[in-house]
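Right, one structure below, let's go through it.
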Amino acid sequence: SWAVADAISRVLKNSEELHSWRRHLLSACMKGLVAMYSSSKDESKQEVERSMLLRLEELLCVVEEVDPDDWCSLVKTGLKYRYRDETFLKVLNVAIHLLYKKESSLSQ
């Protein structure tokens, strides 16, 4: 559940720390997905993964930057274990469009 993260985001709503908080959430979300994909290769926790993927997409739309190591791990592990998962592929597609547009830090 994202209740605690959402509560902290609401408290930080108009502060300078909100962007940093969202970047940390994004990193944690990617690392969590990598850990789930690596440990549960059989897709047994689909609903939890789906929830995290949707939150990842939401955070990417706001933050629009990722740690290159986190991104590389997510793409490699996700494609290795979830290459047939529709939600993973949809979020990956959105992420690629967001992160590799001309002014993005990853497109350099």
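The values are calculated or read from the model by the stated rules, or taken from the named source; none is laboratory data. Remember, predicted model here, so these are calculated numbers, not experimental data. Reconstructed Cβ throughout: ideal geometry from the backbone, glycine too, with neighbour counts over all protein chains shown. To get the accessible areas, we keep the full protein, side chains included, count just its heavy atoms, and leave off ligands, DNA and RNA. Shrake-Rupley method; radii C 1.70, N 1.55, O 1.52, S 1.80 Å.
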When region 73-94 is examined, which residues are found to be touching a residue at least 40 places away in the same chain (Cβ under 8 Å), more than 14 Å from Gln46 (Cα to Cα) and surrounded by 16 or more Cβ atoms within 10 Å (Cβ to Cβ)?
Ser73, Leu74, Thr77
Is it fair to say Leu79 is closer than 24 Å to Lys101 by Cα and within 12 Å of the chain's Cα centre (by Cα)?
no
What do you reckon, is Ser38 in contact with a Phe, Trp or Tyr (Cβ under 9 Å, 6 or more places away or on another chain), open to solvent by less than 100 Å² (accessible area, probe 1.4 Å) and in a helix (DSSP H, G or I)?
yes
Which pairs do you get when a residue that is within 23 Å of Val66 (Cα to Cα), found in region 31-49, comes within reach of a residue that is at pLDDT 90 or above and exposed (fewer than 12 other Cβ atoms within 10 Å of the Cβ), reach meaning Cβ atoms under 9 angstrom, with the pair 6+ apart or on two chains?
Tyr37/Lys80; Ser38/Lys80
For region 63-108, enumerate the residues that are among the charged types (D, E, K, R), more than 18 Å from Arg23 (Cα to Cα), at pLDDT 90 or above and not in a helix (DSSP H, G or I).
Arg84, Asp85
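Going residue by residue through region 36-49, is there one that turns out to be aliphatic (A, V, I, L, M) and modelled with pLDDT of 90 or more?
Yes: one or more hits.
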